[in-house]
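The values are calculated or read from the model by the stated rules, or taken from the named source; none is laboratory data. Small disclaimer: the values here were computed from a predicted structure and weren't measured. Methodologically, a virtual Cβ is constructed for each residue, glycine included, from the backbone with ideal geometry; neighbour enumeration extends over all protein chains shown.
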Amino acid sequence: MQEAVREVEVAVIGAGQAGLSASYFLHRAGLTGPDGHVVLDGSPGPGGAWQFRWPSLTLATVNGVHDLPGLPFAETLGEHDDPAAVPASKAVPNYYAEYERRFDLPVRRPGRVSVVCDRESRYRVEAEGGVVSARGLINATGTWEHPFVPVYPGAATFRGRQLHTKDYDTAEEFRGQRVVVVGGGISAVQLLDEISQVTTTTWVTRREPRFTEGEFGPEQGRAAVARVEERVRAGLPPGSVVSVTGLLLTPALRAARDRGALQRLPMFDEITPTGVRWADGSTRDADVILWATGFRSALDHLAPLRLREPGGGIVLDGAVPTRVAARPTVHLIGYGPSASTIGANRAGRVAVRELLTELGIR
């Protein structure tokens, strides 16, 4: 039997902030109807990675939820909702669901993409629910599906539990246990703060953390984006921006510092069956190692297109920061310089404008 293939002008992979932004601008450009564009989403429902965040992450403690184009986030909140009490894992998915409904965006679920291949002048996108053939591709898969855990000697011998940020639910599950928290990013200190209130914690990082008292302003934002762009232009994977911006010393983190939870140790050298050990022979016993070590871009499905450079990254066009330099009909949003909610909005607009120009649609 001949395989049924749906042909569209543009396929968008991922329905988080970046993917919905791209779909919005494609819709405005007239790519509606069954042959216009489709958004393939591997998540069970609207919300992107937000639907999987831990329950204690509320609207008051998130790093920021920026409005999608055309619909303010505040319009989807209840009049009496308290930001300190509303879980982000509920509020943001509700917002995304309303956004998809309001603008009638063509999101397909289940739509997890397994692989993208060349087919002459088109891309063959193999996904749940059927194959899509597209002239242009906008990838917006983010990082949540690709948690990073570094390899350390002795990890397989550890008799306790090893978890990643992605696996975290509540601090209460660690009560009475000795927890080693690994990582120097925003999520690491947020989880360290929570867990240290119910049990004994040890905090280790590769670099000395730098805390800042001031707000994250435009100057720091530009510096962070410039650092990421520099790495991407060199064909390297995007790096962390915390080294540029520092960690904002919030009231919660001040309280954690006052109770001694922010006493950081350098990275250990090996894992033992009962804990961790440093090169000088010092040790810490542990029941749990929590790897708050971030995520990597979820791009394995694009491997057949051979976009990666020897350094492991993907070079983007210097003039168009979403366009793959070697593939002008492929755009990456939520990658590198656009890996933020506000950056994703801007990137969605740019990617659609440039891609449609390349395809001769406008």
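Remarks
- The requirement of being out of contact with any strand residue (DSSP E or B) (no Cβ under 6 Å at 6 or more places or on another chain) and either within 15 Å of residue 351 (Cα to Cα) or surrounded by fewer than 23 Cβ atoms within 10 Å (Cβ to Cβ) (or both) is not satisfied by residue 46.
- Residue that is small (Gly, Ala, Ser) and out of contact with any Ser or Thr (no Cβ under 8 Å at 6 or more places or on another chain), where the choices are 136, 154, 111, 142: 111
- The numbered conditions (1) over 16 Å from residue 180 (Cα atoms); (2) at pLDDT 95 or above are all true for residue 299 except (2).
- Only one of the numbered conditions (1) acidic (Asp, Glu); (2) farther than 27 Å from residue 362 by Cβ; (3) crowded, with 20+ Cβ neighbours inside 10 Å is violated by residue 41, and that is (2).
- Options 311, 318, 281: the member that is surrounded by fewer than 20 Cβ atoms within 10 Å (Cβ to Cβ), more than 25 Å from residue 175 (Cα to Cα) and in contact with a Gly (Cβ under 9 Å, 6 or more places away or on another chain): 311
- Residue count for segment 13-25, restricted to those that are crowded, with 24+ Cβ neighbours inside 10 Å and in contact with a Pro (Cβ under 9 Å, 6 or more places away or on another chain): 4
- Qualifying positions in segment 1-32 - part of a strand (DSSP E or B) and not small (Gly, Ala, Ser): 5, 6, 7, 8, 9, 10, 12, 13
- Qualifying residue in segment 236-250 (condition: of a type in the set (S, T, N, Q), outside any helix (DSSP H, G or I), loosely packed, with under 13 Cβ neighbours inside 10 Å and modelled with pLDDT under 85): no
- Boolean, residue 305 is modelled with pLDDT under 95, surrounded by 18 or more Cβ atoms within 10 Å (Cβ to Cβ) and closer than 20 Å to residue 10 by Cβ: no
- Within segment 308-359, if we keep just the residues that are in contact with a strand residue (DSSP E or B) (Cβ under 7 Å, 6 or more places away or on another chain) and modelled with pLDDT under 85, the residue that is farthest from residue 95 (Cα to Cα) turns out to be 336.
- Residue in segment 155-174 that is surrounded by fewer than 16 Cβ atoms within 10 Å (Cβ to Cβ) and under 30 Å from residue 36 (Cβ atoms) present: no
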